[in-house]
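I have placed the structure first, in the form of structure tokens, so that the comments after it can refer back to it.
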Amino acid sequence: VPSDTTTYVATWKEDKNHNNKPDEDEDVTLTFESEYGFEGEDSPYTLENQVPGLSFQAPTPTDTDSDNVVFVGWNNGLAKNGEGTVPKSDTTYTAQYKEDKNNDGTPDEEQLVDVTFTIKEEDASKGTLGGTASFTDLVPDLKLTVPTVNDTEGDEWAFDGWDPALTEDEDGNVVVPSDTTTYVATWKEDKNHNNKPDEDDNWYIVRFLDYDGTVLATQSVLEGMSAVAPANPTRDGYTFTGWDRSFDNITSDLDVNAQYQVNPTPVTPDDEDEGDTPTTPTTPGGGEGTGTTPTAPATPVAGGPVAVADDDAEEEPEEEEVEDEETPLSDGEEDVDDGKTPLAKIDVWALINLIAAIVTVLLGLILLLSKRHKNDDEEDEEERQARIERGEEKEQEQKRGWICKVLGVLVAIGSVVLFILTEDMSLPMAMTDEWTIWMVIIAVVELVLLLVGRHWKDVDDDEEEQAQA
């Protein structure tokens, strides 16, 4: 009891936890720590004056996509989301992390897989594996080392990849799959033995062409392989002799052209040379026992009668049927081109050769038609006398002029004959061939003859003018 009369008044303090104790008498401090810090806060982070029994929210630990770890919760029983009840005493909470090398937000230990590479038993002869072929406890999405595959040399198979297909990241690196996987080697045909599947190799187009450019066959040929020739083509009047180039070991697109030889034309006896005409042998003696010596017939006419002479008596000539025979050659065949220019060696004709022949003929005509002297009917007496006085020198110049004309005509004719013998204008046209140089030389010779002939004409004209003066 106080010494004086006293009235006591009750006082109150906050008791947020409703434990009938003033909060200030039981405040606690909470401390939060993280090796990688907190979002927007420093570490350590402190919450002071916390009332036991009340709730609190921990800061959010830092967890990036490149730190190779993942936040998995707190110690001291605090939930991962950081929500908790204030304990009765000061407490420190530490963020917990685990490895996350693929940075996918899941601890590596929760997603480990096994990977195996293998070759089927039936494919064992096609190749072998080099390096490690089996892996355990791998983390998905991390880089994966794939064993090499050694293709068997000389067989017709090439390694084509793995089944299932390997997993790759955005940079094209092979990575560990998300589940335990066994990869099986696959194979495809490799007929050219370059350890590359044929369907992924280089293919080239080979065309077989006839003499007129007609496509006989088109083939798609694998690099290093050979094309297959079609059936031999035919051509009227010709015999197929083969192809103009090899089509083995193809390394690029190729056109192969058919080659032909003109069929031989049968030659009748009328076409034989005079030297081949059989002659009548002389009958020796003529006495008894010699009998009648037959004489060889005169040059026979194909399909006509042949007169046979008798030395002892004149008789009516018997008609003998003579069969048409081919003139024999050394090999038993007549090598006469049917419709082909005799000297042409390729199946084209040259435009330059035609132009050269035309130019040569025109130059020859100019030389031939050029007027060298006045006609005798146009000469007056004084001109004739002057010409006579020039004498023999004038006659020699005239002879040279006529020689030039004759040579010019012969050269022009030779140019035409050579063109006819070497060029077949029914064939495809080309600019030049092996005879072009000769045709050009002939044209140049004709031009020289023209210039020389015209020079002598100018000399004659000058002398005539002097004589007239």
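Nothing in this text is a laboratory measurement; each read-out follows from the coordinates by a stated rule. Only a predicted model underlies this, so the values are computations on that prediction, with no experimental measurement involved. Because the Cβ atoms are built from the backbone with ideal geometry, glycine has one as well, and the counts that use them run over all protein chains shown.
Brief remarks on what is shown
- Distant-in-sequence amide contacts of residue 350, defined by a placed amide H-H separation under 5 Å and a gap of 5 or more residues or a different chain, comprise 430.
- Dipole orientation for the range 1-95: of the candidates 53, 30, 10, 10 has the Cα lying most toward the positive pole (charges on Cβ; Lys, Arg +1; Asp, Glu -1).
- Relative to one another, the C-alpha centroids of the range 92-169 and the range 193-213 are positioned 37 Å apart.
- Exposure proxy order (Cβ contacts within 10 Å, fewest to most) of 51, 267: 267, 51
- Working note: Cα atoms of the range 29-83, range along each principal axis, descending, whole Å: 38, 20, 14.
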